[in-house]
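Here is the structure we will look at.
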Amino acid sequence: MITIRGKQRILTTLRDNVTVTSGAVLDLEGMVTGQVTVNRGGVANIRGMVAGVRVLAGGEAIVHGMCNGPASNSGGRLEILGLVTGPVLGDDFGTVIAPGARVGSTRSTSSSQT
């Protein structure tokens with residue numbers, strides 16, 4: 001497992017799961033072959049590709065790029081602007097699917113909360 005502390009910009013491929021700690025910011029423009037987990041107080045800006053996203057209570061993830069698997073929200077904030085090939089699971093209130101985003105084979109036509 002790779003742990004993100006502080007602010008990090010990743011442009012390469014990380015072949016493992018990644019955890020974003022409290023107070024950390026991950027700007028991902030590369031690829032993570034595992035799951036990205038965002039802890040309370042952490043932020044992940046995903047412009048590249050990941051195998052899955054998991055947002056814990058108080059964490060935040062914005063998927064601009066592609067999540068090639070499930071995206072789950074357990075009390076944080078999850079915003080989908082790009083593509084999630086798997087299901088979006090968890091907290092309805094803190095999850096936003098933007099207009100034009102894709103979840104599975106469905107394209108969003110209006111901003112919605114899941």
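General remarks:
- Qualifying residues in segment 28-64 (those that are crowded, with 19+ Cβ neighbours inside 10 Å and not in a strand (DSSP E or B)) - the one modelled with the lowest pLDDT: 48
- For segment 72-114, the set of residues classified as hydroxyl-bearing (Ser, Thr, Tyr) and either crowded, with 18+ Cβ neighbours inside 10 Å or at pLDDT 85 or above (or both) consists of 72, 74, 85, 95, 114, listed by residue number.
- Qualifying residue in segment 14-24 (condition: in a strand (DSSP E or B) and more than 14 Å from the chain's Cα centre (by Cα)): yes
- Scanning segment 27-69 for residues that are over 14 Å from residue 13 (Cα atoms) and among the basic types (Lys, Arg) yields a total of 2.
- Pair list, Cβ < 6 Å and 6+ apart or interchain, from segment 60-83 residues that are on the phi > 0 side of the Ramachandran plot to residues that are of a type in the set (A, V, I, L, M): 69/51; 75/57
- Evaluation of residue 2 against (1) buried (at least 18 other Cβ atoms within 10 Å of the Cβ); (2) out of contact with any His (no Cβ under 9 Å at 6 or more places or on another chain) (one fails), failing number: (1)
- Residues that are in contact (Cβ under 8 Å) with a residue 12 or more places away in the chain, in a loop (DSSP other than H, G, I, E, B) and within 23 Å of residue 33 (Cα to Cα) within segment 84-108 comprise 85, 86, 87, 101, 104, listed in sequence order.
- Considering segment 27-55, the residues that are among the polar types (S, T, N, Q) and farther than 15 Å from residue 69 by Cα include one that is nearest to the chain's Cα centre (by Cα), namely 45.
- The residues of segment 12-26 that are under 16 Å from residue 66 (Cβ atoms) and either aliphatic (A, V, I, L, M) or crowded, with 16+ Cβ neighbours inside 10 Å (or both), listed by number, are 14, 18, 26.
The values are calculated or read from the model by the stated rules, or taken from the named source; none is laboratory data. Here the structure is a predicted model, which means the values were calculated and not measured. We place every Cβ from the backbone using ideal geometry, glycine too, and count neighbours over all the protein chains shown.
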